[in-house]
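Readers should treat all values here as calculations from the given coordinates under stated rules, not as data from a laboratory. None of the values given here were measured: they were computed from a predicted structure. Reconstructed Cβ throughout: ideal geometry from the backbone, glycine too, with neighbour counts over all protein chains shown.
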Amino acid sequence: MFENLQDKLDRAFKVLKGQGSITEINVAETMKEIRKALLDADVNYKTAKSFTDEVKEKALGLNVLTAVSPGQLLTKVMNDELTALMGGEVTELDLKNNPTIILIAGLNGAGKTTFTGKLANFLKSKGKKPLLVAGDVYRPAAVDQLQILGEQIGVPVYSNIASKDPVGIALEGIAEGKKQNNNVIIIDTAGRLAIDEQMMDEIAAVKASTKPHEILFVVDAMTGQDAVNTAKAFNDRLDFTGVVLTKLDGDTRGGAALSIKSVVNKPIKFIGTGEKMEALDVFYPERMASRILGMGDVVSLVERAQQQFDEKEAAELQKKIRKNKFDFNDFYNQIQQIKKMGNMKDLMGMIPGVGKMMKNVDIEDDAFKSVEAVIQSMTKFERENPDSIQQSRRLRIAKGSGTKIEEVTKLIKQFEDMRKVMKQFSNPAAAAKMMRNMP
Ligand code: GDP
């Protein structure tokens, strides 16, 4: 996401490179470039204009700082202002009520149902006990979709396909949730292809009768300015509490993320970065600003890793490593954990400096495919006893996995090396010895 904007901002900053200080003239030239970059990213004109005016004023005001270069100074000012533009502080969900009622609204195809599942999954991982309510009375397929998602993440779904009354279903769902002691009830609603009075009336009626604590408006970031206009129309009618921007993984421009707050004055609370249930991030304006400026987002990366991290499992693994019992089954499981963290390219983009480098590199969607195929072609015995895999077994595995024997050998060699290193690190004395031997 944001690759194009990053590129253009980079170019704008070059104007200042090598300049001793920020002057009215060079800053004006840079601001013109930045404004152009923002407009190209599909930020609306008013927002882009007021943004660059603000940055210019701040940059000139801070010009007395001689310790930093004009480029560094501008990066800092831009970082602060982008953060402010996107809402400043992170705005978390209000979950103090029991049950907390969350209403989900948006157009068809925006990613509402997917987000409903992701949110339930996210809240479940935080120890909440959510219930999903399937409130789309027009598309039976949407009800099925939610049910499948619910099953996948282990969260119950309330539905009543015999009913065509969205208010009734929502109220039934809440009653059911109270009975089952669910502390968060998330109501998915029907969308339309475009803004439509009947839809708005319906959602407004659901709002009036369920009195939700949060109303989240879901919108597809790839629609750019349209996303901002739709947000405005929904907000005028619903006065929602937060925005969810989906499909940021596919949006290289990012204009919606930058303009929505300043147009509707409601915070972005979550962003969707993929189709998987785990591809959801809490929206942190400051981290996003750093990402736009190519400064990386290590904090989000670490948090995603932590979400996938199970302490008990890690302790078990430690034990196995110490006993040199780490086998191909464990290796395979580790790969699955990494994959759950999301799309590789996206993950790499969170590392400072790497985002830009990776831009033109085509990372396969599934970088682990051949490794997985090789492991899957091993027998149970082989996976548990990697040392047993000699030449004839390698040949069979290569055939079974559609790879070459060299690839199988390479993987086994890498696996053995990894095991050695892991073993050394699990034994403090050996690790210390190894460190001493390092050049
Ligand atoms: P709804 O009509 O608003 O309920 O939309 P859906 O939840 O059915 O989503 C529409 C399509 O967008 C589906 O194919 C989803 O898999 C996809 N989708 C939803 N969120 C994201 C996202 O964050 N990234 C990507 N790449 N696809 C998404």
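What the table shows:
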{"quantity": "Computed lengthening from SER21 to ASP387, 0.36 nm per intervening residue step minus Cα-Cα distance", "calculated": "125.4 nm"}
{"quantity": "Efficiency of FRET from Cβ geometry, LEU39 and ALA205, R₀ 45 Å, rounded to 0.05", "calculated": "0.70"}
{"quantity": "Residue order, fewest to most surrounding Cβ atoms within 10 angstrom, among VAL371, VAL218", "calculated": "VAL371, VAL218"}
{"quantity": "Ranking of LEU193, LEU149 by count of other Cβ atoms within 10 Å, fewest first", "calculated": "LEU193, LEU149"}
{"quantity": "Residues whose placed amide H lies under 5 Å from that of VAL218, excluding near-sequence neighbours", "calculated": "ALA105, GLY106, VAL244"}
{"quantity": "Only Lys, Arg (+1) and Asp, Glu (-1) charged, at Cβ; the range 3-85 dipole about Cα centre in debye", "calculated": "160 debye"}
{"quantity": "Sorted by Cβ neighbour density within 10 Å, fewest at the top, the residues LEU171, LEU16, LEU74", "calculated": "LEU171, LEU16, LEU74"}
{"quantity": "Charge tally in the Cβ shell below 15 Å around GLY109, where Lys, Arg are +1 and Asp, Glu are -1, GLY109 excluded", "calculated": "-3"}
{"quantity": "Reachable lysines from LYS266, criterion Cα separation under 16 angstrom, eight or more residues apart if same chain", "calculated": "LYS232"}
{"quantity": "Subset of LYS276/LYS420; LYS118/LYS339; LYS369/LYS413; LYS369/LYS399; LYS8/LYS339; LYS269/LYS340 violating a 25 Å alpha-carbon distance limit", "calculated": "LYS276/LYS420; LYS8/LYS339"}
{"quantity": "Alpha-carbon centroid distance for the pair the range 159-231 / the range 386-407, whole angstrom", "calculated": "53 Å"}
{"quantity": "Given charges at Cβ of Lys, Arg, Asp, Glu: the range 3-85 dipole, positive-most of THR75, SER21, ILE34", "calculated": "SER21"}
